[in-house]
Amino acid sequence: RGTLMQGKRGLIMGVANDRSIAWGIAAACAAQGAELAFTFQGEALEKRVRPLAEGVGATLVLPCDVSDDAAMDETFAIIEREWGRIDFLVHAIGWADKTYLRGRYADTPREAFLQALDISCYSFTAVSRRAAALMDRGGSLLTLTYLGAERVMPHYNVMGVAKAALEASVRYLAADFGTRGIRVNAISAGPIKTLAASGIGDFRYILKWNQLNAPLERNVSIEEVGGAGLYLLSDLSSGVTGEVHHVDSGYHTVGMKNPKAPDI
Ligand code: NAD
């Protein structure tokens, strides 16, 4: 057990189960002494999230649906009442109607577009504003994105557009909060088999493709995303803000893999 996060308090939003990326980051922070609070979306998930949270010593485990402004106000009012202040926040939340996570992006209806952008992009801005108000000694805000924001990936469609907006919002939020010593970054994770990922068409094929074509020739784990999250949430990254950091076995760097590369 390390001490990198000793004395720091953070809110983790987006744990659904022990395969969630948010859980990988939470576990890494807890192992370094962070004190954590968790939110979950709706009662159905509480029975999974509460035991995980309590296993790392969390006492604040709160419902929060990020499509609901009043619910977010309530969550942050409780955090303020119980803790007074916080040091970091993890936003690992994304959602789009899976009907449109296959086929053509061109066919996305307005309602599906607005919902995807609301939950997957605006919610980070909404929670960042509330969290920043409680960060009296600087802080770190972190969200999760995917390469589909930068390039066309099969079936990612409206989520790719939402993630592009999310990455832009990371830069604007970093500028807004920078003078107060609050940093804002994103991790662009490679594909990982989670609940959210199962909604994407042909996800197994995407996993296989990344494994075969990434420089490291394997996929990444939530523990590896957790390690990068720990860096971005801790003082180790005190000079880093507005950044999108790839944790994807290097896949984003590859134009085309050399099929005849010698096996050294
Ligand atoms: P996950 O299903 O474990 O987590 C997604 C979370 O979003 C769940 O906890 C869910 O409850 C929450 N959520 C959805 N709508 C919500 C709402 N209205 N209010 C509150 N919470 C809501 O899956 P994950 O893969 O760990 O996803 C976490 C983040 O990582 C997402 O932003 C996702 O886009 C991103 N990401 C995932 C991958 C991947 O391959 N799994 C790759 C890159 C980025």
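At least 2 residues that are in contact (Cβ under 8 Å) with a residue 40 or more places away in the chain in each: list the helices (runs of 4 or more DSSP H) lying fully within the range 1-84 that qualify.
21-30, 69-83
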Next item on the list: For the range 159-192, enumerate the residues that are touching a Ser or Thr at 6+ places or on another chain (Cβ under 9 Å) and within 11 Å of the ligand (Cβ to nearest atom).
Entry: 159, 162, 163, 166, 186, 187, 188, 189, 190, 192
Next item on the list: Scan the range 1-40 residue by residue and report those that are within 18 Å of residue 144 (Cβ to Cβ) and basic (Lys, Arg).
Entry: 19
Checklist line | Residues (buried (at least 24 other Cβ atoms within 10 Å of the Cβ) and either within 11 Å of the ligand (Cβ to nearest atom) or polar (S, T, N, Q) (or both)) located in the range 5-19 | finding: 12, 13, 14, 15
Next item on the list: Look at the range 129-158 and say how many of its residues are under 19 Å from residue 94 (Cα atoms), assigned to a loop (DSSP other than H, G, I, E, B) and not hydroxyl-bearing (Ser, Thr, Tyr).
Entry: 6
Margin query: Would you confirm, using the coordinates I've provided, whether residue 202 is over 29 Å from residue 3 (Cα atoms) and of a type in the set (Asp, Glu)?
Written below: yes
Note to self: Checking residue 196 against (1) near the ligand (Cβ under 8 Å from one of its atoms); (2) out of contact with any Gly (no Cβ under 7 Å at 6 or more places or on another chain); (3) farther than 16 Å from residue 152 by Cα: exactly one of these is not met. Which one?
What the structure shows: (2)
Notebook entry, point to check: When residues of the range 216-264 are filtered for being aromatic (Phe, Trp, Tyr) and in contact (Cβ under 8 Å) with a residue 24 or more places away in the chain, how many remain?
Noted result: 1
Item checked: Selection status of residue 195, surrounded by fewer than 18 Cβ atoms within 10 Å (Cβ to Cβ) and in contact with a Pro (Cβ under 7 Å, 6 or more places away or on another chain) -> no
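Where a number appears in this text, it was derived from the coordinates with a stated rule and is not lab data. Here the structure is a predicted model, which is why all the values come from computation and not from measurement. For neighbour counting, all protein chains shown are included, and Cβ atoms are generated from backbone atoms with ideal geometry for every residue, glycine included.
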